[in-house]
1. What is the distance, in nm, between label points placed 7 Å from the Cα along the Cα-to-Cβ direction at residue 31 and at residue 6?
2. Normalised by the residues of the chain, what does the relative contact order come to in percent, with Cα pairs under 8 Å and at least six apart?
3. Once you wrap a convex hull around the alpha carbon atoms of segment 32-86, what is its projected area averaged over all directions, in nm²?
4. When the helices in the chain are scored as -39500 (n - 2.57) per DSSP H run of 4 or longer and the sum is shared across all residues, what 222 nm value do you end up with, to the nearest 500 deg cm²/dmol?
5. Would you work out if segment 54-93 is rounded, prolate or oblate? Take a ≥ b ≥ c from the square roots of the eigenvalues of the alpha-carbon gyration tensor; rounded if a/c is under 1.5, else prolate when a/b is larger than b/c, oblate otherwise.
6. Is the C-alpha gyration tensor of the chain telling us rounded, prolate or oblate? Criteria: a/c under 1.5 is rounded; beyond that, a/b larger than b/c is prolate, otherwise oblate.
């Protein structure tokens, strides 16, 4: 059964439950990025996930850049985001 997390807050709580604690500055980057790009929760969560998978930690500038790229590319959902970054070879996942 797949767990569906609807909000960024739920995703941050999910990470915390799994033992991955985001620092206050990371939460600030996430909030700032979501607000400035007007990204949906789904795209923001996907950008967090991809940042953590590729950087092995939360890198705020990487996250912001990835989120901006996804929004500018008019990516609408997680599946499209993963295809987008793979097709453009932006990250290896």
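No lab work stands behind these numbers, since they all come straight from the coordinates. Computed from a predicted model, the values in this text were never measured in an experiment. Please note: Cβ atoms are built from the backbone with ideal geometry, for glycine as well, and neighbour counts cover all protein chains shown.
1. So the two model labels end up 2.2 nm from each other.
2. On the way: 75 pairs, mean separation 24.1, N = 93.
Over the chain, the number comes to 26 percent.
3. Details: hull surface 12.8 nm².
With every direction weighted equally, the projected area is 3.2 nm².
4. Mean residue ellipticity, 222 nm, calculated: -21000 deg cm²/dmol.
5. Working: a/c = 1.98, a/b = 1.33, b/c = 1.49.
Judged from the Cα gyration tensor, segment 54-93 comes out oblate (a/c at least 1.5, b/c at or above a/b).
6. Values: a/c = 1.39, a/b = 1.28, b/c = 1.09.
It is rounded, given that a/c, with a ≥ b ≥ c, falls under 1.5.
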